[in-house]
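A short write-up of the structure that comes next.
The values are calculated or read from the model by the stated rules, or taken from the named source; none is laboratory data. Just so it is clear, the model here is predicted, and its values are computed rather than measured. Glycine gets a Cβ as well: all are built from the backbone with ideal geometry, and neighbour counts include every protein chain shown.
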Amino acid sequence: MSISEDFLKREDLRSQLFGDVWRTLIPEVFRDVPTYYDKGNAVASLGSCSWWSTRFARAIHQRLPSEAKVLDVCSGTHDIPLKLLALNPQIEIHTVDGSPYMTQEGQRRASERNLTIHAQVCDAHVLPFADNSFDAVSLQFASRHLEIIRAFKEIFRVLKPGGVFCHNDMLRPASRLIEIPYLAYLRCSVWSTAKLFGSSNESMKCVDYFADVIHHFYKPQEMTDLLRGIGFADIENHSFMTGVMSYHISRKPLPQA
Ligand SMILES: C[S@@+](CC[C@H](N)C(=O)[O-])C[C@H]1O[C@@H](n2cnc3c(N)ncnc32)[C@H](O)[C@@H]1O
């Protein structure tokens, strides 16, 4: 495992710039949004978040054994667990999320469909599971809000050797021609979505944060390099518009014979 000096410096910068928002405002934002989270996302992303996350869920499903044990980190309202259980009700799904409000809404959706999702409210940087516990771990639309090296090392620890890590997020687009108009659009759309759904003052304070955090985040190829630095192998990447949304599927290697 070897993470380059450049990644360590960038993580220091991300923590300096956004650490206070992660600790104080982000929990408030996710207190505010659970019931309108899907509609808000649909409006802000013109429907593309839901389309992309369905593609991502299918890609995870194709890589799972039939009775897999799966962990969804930063599970929110359980978008990925519900999609995976719709594709295969045999899998056992555990989730963690820092927000009791998002988790409660996810649990409500699961029980509405008569499904069991084992949810815990906790910090994604310290996973309450033994080493080598899961066949797959997913993490969608949240790593921008995390100390990513700490979080990825925890995910590596709880995955079984040979298990898959499926990561999906809004990354920094590789093309400046896309990044500049996209971030301008995001500032307007997050502001108007927050206004439309009557968000709290705390959420309104985060309007610029959502674009700024992407500007300082990783491009798809950098995410591949970071995953490799953590120790993941067989890394695949699929991106929409050079990283506006991008998923990576990688594997924890089997021990050398
Ligand atoms: C944008 S939502 C994504 C939810 C879900 N993965 C999805 O795709 O719909 C981000 C989630 O990350 C959670 N989160 C942010 N920081 C966290 C942390 N440090 N530990 C655990 N959860 C965190 C929030 O509570 C929120 O539910």
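Tally the residues that are touching a Lys or Arg at 6+ places or on another chain (Cβ under 8 Å) and at pLDDT 85 or above, restricting the search to region 170-209.
Count: 7.
Only residues that are farther than 24 Å from Phe240 by Cβ and in contact with a Ser or Thr (Cβ under 8 Å, 6 or more places away or on another chain): list them for region 31-56, please.
Within region 31-56, Arg31, Asp32, Pro34 meet the criteria.
Considering only region 140-214, give the helices (runs of 4 or more DSSP H) lying wholly within it that have at least 3 residues that are within 14 Å of the ligand (Cβ to nearest atom), surrounded by fewer than 19 Cβ atoms within 10 Å (Cβ to Cβ) and more than 21 Å from the chain's Cα centre (by Cα).
By residue number, no helices (runs of 4 or more DSSP H) qualify.
If you check His78 against the conditions, is it closer than 15 Å to Val164 by Cβ and not hydrophobic (A, V, I, L, M, F, W, C)?
Considered against the rule, which asks whether it is closer than 15 Å to Val164 by Cβ and not hydrophobic (A, V, I, L, M, F, W, C), His78 comes out as no.
Could you please find all residues in region 206-250 being more than 12 Å from Phe165 (Cα to Cα) and among the small types (Gly, Ala, Ser)?
Correct list: Ala211, Gly229, Ser239, Gly243, Ser246.
Please work out if Thr116 is among the hydroxyl-bearing types (Ser, Thr, Tyr) and either under 15 Å from the mean Cα position of the chain (by Cα) or within 22 Å of Phe165 (Cβ to Cβ) (or both).
no
Those residues that are farther than 17 Å from Ser143 by Cα and in contact with an Asp or Glu (Cβ under 8 Å, 6 or more places away or on another chain), I need them from region 1-27; list them, please.
Matches in region 1-27: Ser4 only.
Can you name the residue in region 224-257 that is without any contact (Cβ under 8 Å) to a residue 24 or more places away in the chain and of a type in the set (A, V, I, L, M, F, W, C) and is also nearest to Gly47 (Cα to Cα) among such residues?
Ranking the candidates gives Ile235 first.
With the requirement that a residue be free of Cβ contacts under 8 Å to residues at least 40 places away in the same chain and of a type in the set (S, T, N, Q), what does region 105-143 give you?
Gln107, Ser111, Asn114, Thr116, Gln120, Asn132
Testing His167 on (1) in contact with a Lys or Arg (Cβ under 9 Å, 6 or more places away or on another chain); (2) modelled with pLDDT of 95 or more, one condition comes back false. Which one is that?
Failed condition: (1).
Please identify the pairs in which a residue from region 70-96 that is under 16 Å from Trp52 (Cα atoms) and free of Cβ contacts under 8 Å to residues at least 40 places away in the same chain has its Cβ atom under 8 Å from the Cβ atom of a residue that is near the ligand (Cβ under 7 Å from one of its atoms) and not in a strand (DSSP E or B), counting only partners at least 6 apart or on another chain.
Pro81/Ser75; Lys83/Ser53
Hey, can you tell me all the residues within region 237-257 that are touching a strand residue (DSSP E or B) at 6+ places or on another chain (Cβ under 6 Å), surrounded by fewer than 23 Cβ atoms within 10 Å (Cβ to Cβ) and hydrophobic (A, V, I, L, M, F, W, C)?
Within region 237-257, Leu254 is the sole residue that qualifies.
Based on this model, can you work out whether Asp135 counts as in contact with a strand residue (DSSP E or B) (Cβ under 7 Å, 6 or more places away or on another chain), charged (D, E, K, R), at pLDDT 95 or above and within 14 Å of the ligand (Cβ to nearest atom)? Lay out the reasoning, then the answer.
Values: in contact with a strand residue (DSSP E or B) (Cβ under 7 Å, 6 or more places away or on another chain): yes; charged (D, E, K, R): yes; at pLDDT 95 or above: yes; within 14 Å of the ligand (Cβ to nearest atom): no.
For Asp135, the condition - in contact with a strand residue (DSSP E or B) (Cβ under 7 Å, 6 or more places away or on another chain), charged (D, E, K, R), at pLDDT 95 or above and within 14 Å of the ligand (Cβ to nearest atom) - is not met.
Consider Thr224 against the criteria (1) away from the ligand (no atom under 16 Å from the Cβ); (2) under 30 Å from Ser66 (Cβ atoms); (3) not in a helix (DSSP H, G or I): it satisfies all of them except one. Which criterion is unmet?
(3)
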